[in-house]
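Dropping the structure in here first, questions after.
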Amino acid sequence: MPAEIYPWQQTLWQQFRQQGVLRAHAMLLKGRMGIGKLAWARNLAQSMLCEQVDTVGMACGKCPGCRWFEQGQHPNFRMLEPEALSESAEISESERKANKADTDDTKSRKKLSQQISIAQIRALDDFIYLSAHQDHYKLILIHPAEAMNTAAANALLKKLEEPPPKVLFILVTHRASAIPATIRSRCQQITMPVPDRKLARDWLFQQGVEDPDFRLAMSGFAPLLALQYDEEHAVRHIDFIQCLCAPKELDPIGLAEKLHKLDLPSVVGWLQKWCYDLMRCYVTGKIHYHLQQETVIKQLAMTIDPIPVAFLWRDLTALQQLARHPLNPKLFVEEMLFTYIDSVHPRVLKTGK
């Protein structure tokens with residue numbers, strides 16, 4: 001059966017499937033990770049290929065088209081992802097667990113490409129330019145679109161400049177700014193909705209999640225990431241935050257030893273949120289993410305120089321991309337932590353006090 005349309009996506013779904021606001025041969029679905037962009041895109045693709053859609057435009061899940069789609073064999077659908085990326089963890093917790101590899105497999109997956117290659121784009125030629133099955137739309141879903149390397153992006157651009165009839169490209173991105181402007185300009189850009197805190201909290205309660213407020217805060221208020229925020233992940237995150245609370249006592253080398261085997265973009269994200277709260281508290285006296293560390297953050301905010309912390313927060317955005325394939329993960333984490341110490345408490349490194 002098709003994945004659910006999340007409550008915060010209902011209005012957008014109605015606009016596309018009931019009011020017909022598709023205006024281009026390519027669409028770019030953009031927004032933060034963990035809000036259900038890929039699930040929405042797959043629902044849209046399946047509904048456009050379904051032979052018996054219901055009254056709200058949802059795929060029936062029973063017709064031959066739906067069965068082919070769910071088996072990954074529909075002749076009018078192609079999905080491009082990096083080799084290293086499995087079926088999205090953004091769809092559901094049950095899928096995440098079902099697709100989770102064992103330790104040996106995880107090691108082998110690290111050797112797979114993190115990019116969408118020009119060969120993958122070129123392989124679409126026959127699919128795009130030959131006749132469609134039963135005169136349906138032909139759909140290409142690219143996720144995440146920012147994973148295209150330069151050659152792949154240029155090859156896609158040529159197809160977008162001269163699109164064949166009844167072909168729809170659906171690009172899903174967590175970082176729209178990383179996609180060339182020439183591609184963005186040829187897409188109908190759609191900012192995917194983000195639920196307010198109450199709606200996200202209520203939805204997580206319905207999924208059986210305990211302490212949804214804490215999980216939402218630690219996940220950047222992305223409900224699907226909060227759903228995946230298991231206890232082991234929470235323990236590692238909390239331990240990391242406790243170390244940040246005491247920059248004078250922080251041991252970058254020892255902490256890097258514990259962290260370098262984790263998902264490094266997540267670790268960078270943890271530090272980003274912490275620095276954001278320090279800056280926000282310094283300026284407004286308010287905290288966005290780490291409500292349980294409010295006292296410590298307020299104390300630190302009174303002592304920091306906001307300029308180096310602001311530079312660190314800015315630079316962490318660039319580090320997010322590097323974190324996906326660092327040459328030396330341990331040194332990467334060490335350098336990030338030393339920079340944090342020097343930004344929050346410069347005297348720690350300069351005088352040892």
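Can you give me the number of residues within region 289-345 that are closer than 30 Å to A84 by Cβ, more than 22 Å from the chain's Cα centre (by Cα) and acidic (D, E)? Before the answer, list the steps.
Filtering region 289-345 for residues closer than 30 Å to A84 by Cβ gives 289, 312-340.
Okay, now just the ones that are also more than 22 Å from the chain's Cα centre (by Cα), so 327-328, 330-331, 334-335, 337-340.
Among the residues that remain, those that are also acidic (D, E) are: 334-335.
Adding up the residues that qualify gives 2.
Among the residues of region 334-341, is any in contact with a His (Cβ under 9 Å, 6 or more places away or on another chain), modelled with pLDDT of 95 or more, farther than 24 Å from A217 by Cβ and assigned to a helix (DSSP H, G or I)? Let's see the steps before the verdict.
Keep residues of region 334-341 that are in contact with a His (Cβ under 9 Å, 6 or more places away or on another chain), which gives 334.
Of the ones still in play, those that are also modelled with pLDDT of 95 or more are 334.
When the remaining residues are screened for being farther than 24 Å from A217 by Cβ, the result is 334.
Now narrow it down to the ones that are assigned to a helix (DSSP H, G or I): 334.
Among the residues of region 334-341, at least one is in contact with a His (Cβ under 9 Å, 6 or more places away or on another chain), modelled with pLDDT of 95 or more, farther than 24 Å from A217 by Cβ and assigned to a helix (DSSP H, G or I), which makes the answer yes.
Is it the case, given these coordinates, that Y129 is of a type in the set (S, T, Y), over 22 Å from the mean Cα position of the chain (by Cα) and surrounded by 14 or more Cβ atoms within 10 Å (Cβ to Cβ)? Quick ask: steps written out before the conclusion?
Details: of a type in the set (S, T, Y): yes; over 22 Å from the mean Cα position of the chain (by Cα): yes; surrounded by 14 or more Cβ atoms within 10 Å (Cβ to Cβ): no.
No.
If a residue has to be surrounded by fewer than 14 Cβ atoms within 10 Å (Cβ to Cβ), of a type in the set (V, I, T) and without any contact (Cβ under 8 Å) to a residue 40 or more places away in the chain to count, how many in region 303-345 make the cut?
Number of matching residues: 1.
Also, quick follow-up: Does any residue of region 228-236 turn out to be under 22 Å from R32 (Cα atoms) and among the hydrophobic types (A, V, I, L, M, F, W, C)?
Just the residues of region 228-236 that are under 22 Å from R32 (Cα atoms), to begin with: 228-230, 233-234.
Adding the requirement that they be among the hydrophobic types (A, V, I, L, M, F, W, C) leaves 234.
Looking for residues that are under 22 Å from R32 (Cα atoms) and among the hydrophobic types (A, V, I, L, M, F, W, C), one finds at least one in region 228-236, hence yes.
Scan region 258-292 for residues that are open to solvent by 30 Å² or more (accessible area, probe 1.4 Å), within 19 Å of F214 (Cβ to Cβ) and not small (G, A, S) and report the count. Don't jump to the end; show me each part of the working.
In the first step, residues of region 258-292 are kept if they are open to solvent by 30 Å² or more (accessible area, probe 1.4 Å); the result is 258, 260-263, 266, 272-273, 276, 279-280, 282-286, 288-289, 291-292.
Retained after the next criterion (residues that are within 19 Å of F214 (Cβ to Cβ)): 266, 272-273, 276, 280, 286, 288-289, 291-292.
Now drop any that are not not small (G, A, S), which leaves 272-273, 276, 280, 286, 288-289, 291-292.
Within region 258-292, residues that are open to solvent by 30 Å² or more (accessible area, probe 1.4 Å), within 19 Å of F214 (Cβ to Cβ) and not small (G, A, S) number 9.
So which residues in region 252-301 are of a type in the set (A, V, I, L, M, F, W, C), part of a loop (DSSP other than H, G, I, E, B) and modelled with pLDDT of 90 or more? Give the steps one after another, and end with the answer.
Taking region 252-301 first, the residues of a type in the set (A, V, I, L, M, F, W, C) are 253, 255-256, 259, 262, 264, 267-268, 270-271, 274-275, 278-279, 281, 283, 287, 291, 296-297, 300-301.
Restricting the remaining residues to those that are part of a loop (DSSP other than H, G, I, E, B) gives 262, 287.
Matches in region 252-301: I287 only.
Within region 1-25, can you find the residues that are aliphatic (A, V, I, L, M) and either at pLDDT 95 or above or part of a loop (DSSP other than H, G, I, E, B) (or both)?
At the first step, the residues of region 1-25 found to be aliphatic (A, V, I, L, M) are 1, 3, 5, 12, 21-22, 24.
Selection gives M1, A3, I5, V21, L22, A24.
Also: Quickly run through region 221-246 and pick out the residues that are buried (at least 19 other Cβ atoms within 10 Å of the Cβ) and not in a helix (DSSP H, G or I).
Hits for region 221-246 are F221, A222, Y229.
Does any residue of region 190-211 turn out to be at pLDDT 95 or above, open to solvent by 40 Å² or more (accessible area, probe 1.4 Å) and assigned to a strand (DSSP E or B)?
Among the residues of region 190-211, at least one is at pLDDT 95 or above, open to solvent by 40 Å² or more (accessible area, probe 1.4 Å) and assigned to a strand (DSSP E or B), which makes the answer yes.
The values are calculated or read from the model by the stated rules, or taken from the named source; none is laboratory data. Quantities reported herein were computed from a predicted structural model and do not represent experimental measurements. FYI the Cβ positions are ideal-geometry reconstructions off the backbone, even for glycines, and counts take in every protein chain you see. Just so you know, the surface numbers come from the protein's heavy atoms only, side chains and all, with ligands and any DNA or RNA stripped out. Shrake-Rupley method; radii C 1.70, N 1.55, O 1.52, S 1.80 Å.
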